[in-house]
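In what follows, a structure is listed as structure tokens, so that the remarks can point back to it.
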């Protein structure tokens, strides 16, 4: 990021605007919605009330017919149990609130736009995966999320990223290996370089004294 943006986080005018936004009725309302979402996602015993009649019916059957061999009806009881579990699960899932999206839209985006106007946040998508092919050529899959495009002149991008690849164990089973979990910062800056530069740390040496680069992978054919 250009050095001229370095002082924006301590700029008194920016800090004053942030304080005004925090106290504004709009943000207070959004914060209340966020708190309500967190509260809604927490366990509440009252949500189990719809299941009480089912439990009462099963209890009544057991008390009035104690001599029945219930093992003969285990498959029917299993069906009832599955129905109860599915009903309860669907009820809880349908009532869950996407707190991450609420926080991103209601809190983080307004704050970032005060600091760097024009900043865009996408809570689900990430940086173009083709870019990661140059970062971690050893990896076969990339998962990126929490994509932020800042409003600076370079349109700097930030994203969470996880990279994995699969290998075969001695028994022939496919084993998933995590190559990287962290954050990626992408700066779009024009250069006179035809291609890319990849700075790779040395993680160790093998018994022949050759340098190892860990999950960053050795030099590819396109890298001299």
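Which of 130, 145 has the fewest other C-beta atoms within 10 Å, and how do the rest follow up to the most?
130, 145
Fully extended, how many nm does the chain gain between residue 121 and residue 18 (0.36 nm per residue separation, minus their Cα-Cα distance)?
35.3 nm
Would you list 150, 207, 180, 166 from fewest to most Cβ contacts within 10 Å?
207, 166, 180, 150
I need 190, 35 ordered by Cβ neighbour count within 10 Å, fewest first.
Details: 190 6, 35 12.
Ranked by crowding around the Cβ, least crowded first: 190, 35.
How far apart, in nanometres, would the label points at residue 166 and residue 109 be if each is projected 7 angstrom from Cα along the Cα-to-Cβ direction?
3.6 nm
FYI, it's all coordinate maths here, none of it is from the lab. Note that this is a predicted model, so its numbers are computed, not measured. Please note: Cβ atoms are built from the backbone with ideal geometry, for glycine as well, and neighbour counts cover all protein chains shown.
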